[in-house]
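First the structure, in the form of structure tokens, and then the observations on it.
The values are calculated or read from the model by the stated rules, or taken from the named source; none is laboratory data. Just so we're clear, the structure is a prediction, and the values are computed from it rather than from any experiment. Cβ sites come from the backbone with ideal geometry, for glycine too, and all protein chains shown count toward neighbours. Protein only, heavy atoms only, side chains kept; ligands, DNA and RNA dropped before computing areas. Shrake-Rupley method; radii C 1.70, N 1.55, O 1.52, S 1.80 Å.
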Amino acid sequence: MKKRMNTKKLVYIGLLAAVATALMYLELPLTFLFMPPFLKLDISGVPTLIGTFMFGPAAGIFISLVKDLIHLLSSQTGGVGELSDFLIYTAFSLSAGFLYRYHKSKKGALLACLSGTAAVTVVGALTNRFLIIPFYSKLTPIDAIVSACNAVNPMIDSIDGYILFGAMPFNLIKGLIISALTFMVYKKLSHLMKDSLMAPEEKKSAAAKE
């Protein structure tokens, strides 16, 4: 029985990883919010966060690893973008997952999402500063990068300005959007998943209590 439940968990985690992978290819630039053109939003973090809440931080990290390894096959950043994405969502999963583990309530989920969003904002700023910008600087002069960002957001007049007024707001917005979407779908999905993971005896007991 336990082996069958573990198999079901792996199936669900695999399905979430597949959905996350597909969503990672649907990117939206946020230039209308004065974000640099190469910062594009995807919502692959939603199934990652759902997996984290359902099965723990390790599941969220695994989902991120799978989607980034698959996306690596069509990478336009030499793997740097995928590494950055993995580090960001690892921070999200660890921060949100551990907090939610000990506070499994609506309030706990909200605090977990806010904690995860803060982690995404900080780690995203660091990965942009030490991974993304160094990569692009090998292809394009730093001045050209800053100029492209400045054309969208006049407050970005240096690399530090890009981090402060580009990378950090972008990752903050991404974290909040992912958190909001997760809030909208998590409860419905979690009820379906938990119901299928319950043993027949547990279902009878739950039905008797209702």
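Rounded to the nearest 10 degrees, the angle from helix 200-209 to the longest Cα principal axis of the chain is 80 degrees. Within the shell defined by Cβ-Cβ distances under 10 Å, the residues around LEU26 carry a net charge of -1, with Lys and Arg each +1 and Asp and Glu each -1. Charging the Cβ of each Asp and Glu at -1 and of each Lys and Arg at +1, and nothing else, the dipole of the chain about its Cα centre rounds to 1280 debye.
Of LEU65, ALA109, LEU164, whose Cα points farthest to the positive end of the dipole of the chain (charges on the beta-carbon: +1 Lys, Arg; -1 Asp, Glu; origin at the Cα centre)? Of the listed residues, the answer is ALA109. Taking label points 7 Å from Cα along the Cα-to-Cβ direction, PHE130 and LEU10 give a separation of 3.5 nm. Couplings for the range 39-52, taken from phi via the Karplus curve 6.51 cos²θ - 1.76 cosθ + 1.60 with θ = phi - 60°, read 8, 10, 8, 10, 10, 5, x, 5, x, 5, 6, 4, x, 5 Hz in order; Gly and Pro are left as x. When the alpha carbon coordinates of the range 1-96 are projected onto the principal axes, the ranges are 52, 27, 19 Å, largest first.
Per-atom-type breakdown for the chain gives carbon and sulfur 70% of the accessible area (1.4 Å probe, protein chains only).
With the largest listed first and rounded to whole Å, the semi-axes of the equivalent ellipsoid of the range 116-194 from the Cα gyration tensor are 33, 13, 10. Between 0 and 90 degrees, the angle of helix 142-152 with respect to the longest Cα principal axis of the chain falls at about 70 degrees.
Just need the relative contact order of the range 58-200 here, percent rounded to a whole number, with Cα pairs under 8 Å and 6+ apart. Before the final figure, lay out the partial values.
Values: 129 pairs, mean separation 30.3, N = 143.
So the answer I get is 21 percent.
Taking the centroid of alpha carbons for each part, the range 82-99 and the range 133-150 are 26 Å apart. Averaged per residue, what accessible area in Å² does the range 1-68 show with a 1.4 Å probe, protein chains only? Heavy-atom SASA per residue in the range 1-68 reads 48 Å².
The shape of the range 58-139 can be summarised by an equivalent ellipsoid whose semi-axes, obtained from the alpha carbon gyration tensor, come to 28, 15, 7 Å from longest to shortest. Near LEU41, the amide H atoms lying under 5 Å from its own belong to LEU28, LEU30; only residues 5 or more places off or on other chains count, and H is placed 1.01 Å from N.
Where the convex hull is taken over the Cα atoms of the range 53-94, what is its projected area averaged over directions, in nm²? List each step's numbers first, then the result.
On the way: hull surface 10.4 nm².
One quarter of the hull surface, i.e. the mean projection, equals 2.6 nm².
Hey, which of these cross-link pairs are over 19 Å Cα-Cα: LYS9/LYS187; LYS67/LYS138; LYS67/LYS104; LYS67/LYS107; LYS106/LYS188; LYS9/LYS106? Each step should come with its number before you reach the end.
Values: LYS9/LYS187 17 Å; LYS67/LYS138 26 Å; LYS67/LYS104 27 Å; LYS67/LYS107 29 Å; LYS106/LYS188 13 Å; LYS9/LYS106 23 Å.
The pairs that break the limit, which is 19 Å between Cα atoms, are LYS67/LYS138; LYS67/LYS104; LYS67/LYS107; LYS9/LYS106.
Along its principal axes, the chain has C-alpha extents of 67, 35, 24 angstrom, given from the largest down.
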